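The values are calculated or read from the model by the stated rules, or taken from the named source; none is laboratory data. None of the values given here were measured: they were computed from a predicted structure. Here the Cβ positions follow ideal geometry from the backbone for every residue, glycine too, while neighbour counts run over all protein chains shown. For the accessible areas, the whole protein counts, side chains as well, though only heavy atoms, and no ligand, DNA or RNA atoms are used. Shrake-Rupley method; radii C 1.70, N 1.55, O 1.52, S 1.80 Å.
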Amino acid sequence: MANFAQILVPLDYSECSDEALRLAARLARAFQGRLLVLHMLPIDLPGILGDFPSPAADTTRITSETTRLHAHIHSVLEDGDGVPALEIEVAWGSPHLDIVPYAIERRVDLIVLGTHGRTGVKHLLLGSVAERTVRSAPCPVLTVRAGAAAATGELRPAAPTERGHRRPSQVGEVGRMMTRSPITVAPDDVLTVARDRMAEAAVRHLPVVEGERLVGIVSDRDLPAHLGYLEHTRVSAAMTPNPVTVASDVSVDAAAHLMIERHVRALPVVDGERVIGILSVTDILEDYIRAARRSAA
């Protein structure tokens, strides 16, 4: 029998996510596990959906939302069998993109996810967070619709590897999947340069190079701490120095495990000290989806 020690529930205050929370709580009690309840606050990409949002640095917003989430969870669960062991997190991000990477980072054993059941045009325009999660998650996903009995949620376990993480249907080399000749910044560039390049290329990570030598990596998550000072702050002050790297001939499976073990979302691909590409969690998840579509065709 599976051991669901840590169960992730993304919560958006909708009826379907409340149904998912109730079911996840019952499972957590049955397996003596722990609930990890995640709520994501939307954040726009600069230059695409507006200016870089100053609320990302607003710890007051995170604190107030955490208080609200805690109260909501207890109001939903205390009319049942009580609240199991619980951890709450509020983060900036997109459910469509960030649930699976978050689950990978936290080594989640099960995701319980409410689904709105959109069909037709709404589904085409908005996409399905549940569908993307089911296809891409490294662990079983239990989907629950609002108004449906909790037992009707669909359990979709992924084929496990020796570490319990799903293996792509076609394991390839990093060089096949990586983004070649990635956009980079220099350590002496200011953060507005990094921000603008991320926005223009619609990416979240930039290798930091000095000449041709890799010296660090900077991501969109490094910027909010310096809001108000981006034009005066050097990339070197915000970057992660000496980042984890990978060679182009390494298998994607090995690269994915390296990301999980080192808690990173992107790996610069190097030839010696020279950057030749970058591989992100999104690249790997999109490859999973393509492989699933090919096998279903």
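Observations, loosely collected:
- Among Arg29, Arg265, Arg274, the sequence by solvent-accessible area, most first, with a 1.4 Å probe is Arg274, Arg29, Arg265.
- Annotation: extensible slack from Leu86 through Arg61 equals 6.9 nm (criterion: 0.36 nm per residue apart, minus Cα-Cα distance).
- Given a 1.4 Å probe and the protein chains as shown, Glu15 ends up with an accessible area of around 120 Å².
- Surface share of carbon and sulfur [accessible, 1.4 angstrom probe, percent] for the range 183-246: 46
- Largest to smallest in accessible area, the residues Ser136, Ser75, Ser181 fall in the order Ser181, Ser75, Ser136 (1.4 Å probe, all protein chains included).
- Whether the range 204-252 is rounded, prolate or oblate, judged on the alpha carbon gyration tensor where a/c under 1.5 counts as rounded: prolate
- Paramagnetic label zone (point 7 Å from Cα along Cα-to-C-beta, Leu97; backbone N under 11 Å) in the range 209-234: 220-221
- Residue ranking by accessible heavy-atom surface, 1.4 Å probe, largest first, among Ile88, Ile73 comes out as Ile88, Ile73.
- Its Kirkwood hydrodynamic radius, worked out from the mean inverse distance over all distinct Cα pairs, puts the range 193-297 at 15.0 Å.
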